[in-house]
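A.B. asks: Below is a structure I'd like to ask you about.
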Amino acid sequence: MNATAKEDAAHAAPMRTARRRWLYGVVAGVAAAAGAGLAWRNGHVVKTTPGSAPPDGLWGLSFQTPQGTTLAMASFKGKPLLLNFWATWCPPCVEEMPLLDRFFTENSANGWQVLGLAVDQAAPVKRFLEARPVGFAIALAGLAGTDLSRTLGNSAGGLPFSVAFDRSGRIVQRKMGQLGAQDLQQWRSAT
């Protein structure tokens, strides 16, 4: 090996080491993000105290519907309510919509109500509902919906986030992450 080749090899070794460290860092970052994503997707149940009161003013709020009408939270008071924060760009939110619609259809005769508050803009919500209509009420919370969900116990601000209220308007269950049929069965029994 000549002197130039030895210099090139000596110079290349630190570059390979730096590239290897960078690659390991990228792999570790991707693995951490994937783990966090799976944890978020599987849902994290927020600990609640049964019978806790909602934040002041919740029942006085109003939201626009995708059709342009106003929907008052007060209209949901007095019956069990499943409040779901969602967005069209959120895959687990979209996946749980048929389950929420089925829950509403099967339990509305027993007084259950479902309200989907979209943390989204009107146009994508309208397009979504045209393609996948649901029987329960949908309203637009926009980015303010994230703040509202935080006041209801969603400290991470993630989606989907669901809250169940009993007939007296008290919070009985909360969950950040995609709901399952078993969750809804337990929630129905809790009210």
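Read-outs: derived from the displayed coordinates by stated rules, not from any lab. Worth saying up front: this structure is predicted, and the values here are computed from it rather than measured. All Cβ positions, even for glycine, are placed from backbone atoms using ideal geometry, and neighbour counts span all protein chains on display.
A.B. asks: Order these peptides, 73-86, 55-68, 141-154, by their mean beta-carbon neighbour count within 10 angstrom, highest first.
C.D. replies: Working: 73-86: 19.8, 55-68: 13.8, 141-154: 17.6.
Sorting 73-86, 55-68, 141-154 by mean packing, highest first, produces 73-86, 141-154, 55-68.
A.B. asks: Starting at the first residue of the stretch 83-88, write each ³J(HN,Hα) from the Karplus equation 6.51 cos²θ - 1.76 cosθ + 1.60 with θ = phi - 60°, in whole Hz, x for Gly and Pro.
C.D. replies: Along the stretch 83-88, the couplings run 9, 10, 8, 8, 8, 5 Hz.
A.B. asks: Right, here's the next one. Could you tally the net charge around Arg170, taking each other residue with its Cβ under 15 Å from the Cβ of Arg170, Lys/Arg +1 and Asp/Glu -1? Could you put the intermediate results ahead of the total?
C.D. replies: On the way: positive: Lys77, Lys79, Arg167, Arg174; negative: Asp56, Asp166.
With Lys, Arg at +1 and Asp, Glu at -1, the neighbours total +2.
A.B. asks: Hey, which aspartates and glutamates would be in cross-link range of Lys79, C-alpha to C-alpha under 20 Å, not counting anything within fewer than 8 residues on its own chain?
C.D. replies: Asp56, Asp101, Glu106, Asp166, Asp183
A.B. asks: Can you order the peptides 164-171, 130-137 by their average number of other Cβ atoms within 10 Å per residue, highest first? Intermediate values should be presented prior to the final figure.
C.D. replies: Details: 164-171: 17.9, 130-137: 12.8.
Highest-to-lowest ranking by the protection proxy: 164-171, 130-137.
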